[in-house]
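A short write-up of the structure that comes next.
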Amino acid sequence: MTGMTTAARASDLLALHQAPELLTVVNVWDAITAKVVAETPGTQALATASHSIAATLGYPDGEKIPVEEMIDMCRRIVETTDLPVSADLEGGYGDAPDTIRRAIGVGVVGANLEDQMKPLAEAAAQVEAVMAAAAAEGVPDFVLNARTDAFVKGRDRDRGEVLADAVARGKAFIDAGAPVVFVPAVLTEEEIVTLVDAFGPQRLTTIAIPGSPSLERQQELGVARVSHGPMSQRVALTALQELVEEVQRGGGVPATMRQLN
């Protein structure tokens with residue numbers, strides 16, 4: 001690790017989001033995945049996946065993991081790299097400002113925080129409290145990726161109404177101090193344009209789900225960042241399962257295996 005301060009890493013992460021070049025992050029879930037991703041040429045920042053960390057430690061998704069265990073894994077990830085690390089902290093584990101303080105304490109410089117479709121005033125107040133907590137910890141450029149679950153929880157609703165909710169919530173989170181807003185869903189180009197127009201360029205972050213517009217196109221549309229969430233762990237587990245299937249067929253380790261650790 002270099003002597004760079006947590007505040008300086010946060011500023012670097014914020015600059016990566018604000019640059020016109022799209023920031024891509026392949027999410028990690030433990031020390032070895034962090035090391036592999038960080039050491040792959042082109043990687044500029046790391047982000048954790050809460051679902052993947054919970055699964056690694058034997059917990060279901062949805063804030064079932066004790067916050068102490070989530071923060072400890074974030075610490076282990078931060079300690080593997082000099083790159084800035086953003087953590088997926090679900091809905092904040094009951095006390096979002098305190099959870100953010102604890103995350104900053106282990107070197108985390110950004111975080112996803114779900115609104116879980118709480119009443120908008122309550123969700124916006126939580127964003128404001130989190131950014132105030134980060135500033136009080138000496139990290140005013142903390143990159144809060146304020147997530148709205150409008151699409152996640154609105155699958156049975158009119159798509160236009162869901163998009164309008166995402167716009168209203170994202171704008172409220174930006175007004176409350178969040179530098180970027182995360183809208184996880186398979187978004188169309190038209191929906192991305194609407195969200196970017198509402199939030200401003202380099203304010204929207206999305207997730208890489210099959211069927212989404214290409215990374216090149218999302219950069220052209222003004223998206224700040226594309227994350228991969230639990231998809232990276234699913235790809236890794238698919239490779240593991242395929243190895244088991246190949247072994248059971250009488251085969252073995254593929255010749256394409258790399259020595260990564």
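Read the figures in this text as sums done on the coordinates, not as results from a lab. It should be emphasised that the depicted structure is a prediction, and the values quoted were computed from it without experimental measurement. FYI the Cβ positions are ideal-geometry reconstructions off the backbone, even for glycines, and counts take in every protein chain you see.
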Overall Cα dimensions of the chain - principal axes, largest extent first, Å:
58, 44, 35
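Among 248-255, 106-113, how do they line up by average Cβ neighbours within 10 Å per residue, starting with the highest? Let's see the in-between values first.
Details: 248-255: 8.2, 106-113: 25.2.
Going from most to least packed, we get 106-113, 248-255.
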Contour minus Cα-Cα distance for GLU79 and GLN44 (0.36 nm per residue)
11.0 nm
How big is the gap, in Å, between the Cα center of segment 139-169 and the Cα center of segment 96-113?
21 Å
For the chain, take the longest principal axis of its alpha carbons; what is the angle in degrees between that and the long axis of helix 96-105, to the nearest 10 within 0 to 90?
50 degrees
Starting from the Cα of MET257, step 7 Å along the direction of its Cβ; do the same at GLU69; then give the gap between the two resulting points in nm.
2.9 nm
Relative to the chain, whose Cα atoms define the longest principal axis, helix 67-78 and its Cα axis are tilted in degrees, nearest 10, by 70 degrees
Using the Cα gyration tensor of segment 1-145, with a ≥ b ≥ c the square roots of its eigenvalues, what is the shape: rounded (a/c below 1.5), prolate (a/b larger than b/c) or oblate (neither)?
oblate
Averaging 1/r across every pair of distinct alpha carbons in segment 145-261 and inverting yields a Kirkwood hydrodynamic radius, in angstrom, of 16.2 Å
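When a footprinting reagent is the concern and you count Cβ atoms within 10 Å, what order do ASP175, ASP156 take, fewest first?
Details: ASP175 11, ASP156 6.
Fewest to most other Cβ atoms nearby, the residues stand as ASP156, ASP175.
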Ratio Rg/Rh, restricted to segment 81-193 and using Cα atoms, in which Rh is the Kirkwood radius:
0.99
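I'd like the trypsin sites (Lys or Arg not before Pro) in segment 84-162 restricted to DSSP loop residues with at most 15 other Cβ atoms within 10 Å, sorted by number. It would help to have the intermediate numbers written out before the result.
On the way: sites: ARG101, ARG102, ARG147, LYS153, ARG155, ARG157, ARG159; in loops: LYS153, ARG155, ARG157.
Answer by residue number: LYS153, ARG155, ARG157.
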Mind listing which trypsin sites (Lys or Arg not before Pro) in segment 63-94 are in a DSSP loop and have 16 or fewer other Cβ atoms within 10 Å?
LYS64
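Let me check against my output: what whole-number percent is the relative contact order of the chain, with C-alpha pairs under 8 Å and at least 6 apart?
Values: 469 pairs, mean separation 53.7, N = 261.
After rounding, I find 21 percent.
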Extension gain (nm, one decimal) between GLU161 and THR238, 0.36 nm per residue minus Cα-Cα
24.1 nm
ASN112 long-range amide H proximity, modeled H, under 5 Å
ALA87, ASP88, LEU89, ASN145
Each residue of segment 232-244 in turn: what ³J(HN,Hα) in whole Hz from Karplus with 6.51, -1.76, 1.60 and θ = phi - 60°, glycine and Pro shown as x?
5, 5, 5, 5, 5, 5, 5, 4, 5, 4, 5, 4, 4
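Rounded, prolate or oblate: which fits segment 11-84, taking a ≥ b ≥ c as square roots of the Cα gyration tensor eigenvalues, rounded meaning a/c under 1.5, else prolate when a/b beats b/c? It would help to have the intermediate numbers written out before the result.
Values: a/c = 2.19, a/b = 1.81, b/c = 1.21.
In terms of gyration-tensor shape, prolate.
Might you report the magnitude of the Cβ-based charge dipole of segment 6-248 about its Cα centre, with Lys and Arg at +1 and Asp and Glu at -1, to the nearest 20 debye?
Numbers: 19 positive and 36 negative charges, 39 e Å.
The dipole magnitude comes to about 180 debye.
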Between the Cα axis of helix 120-136 and the main Cα principal axis of the chain, the angle (0 to 90°, nearest 10) is 70 degrees
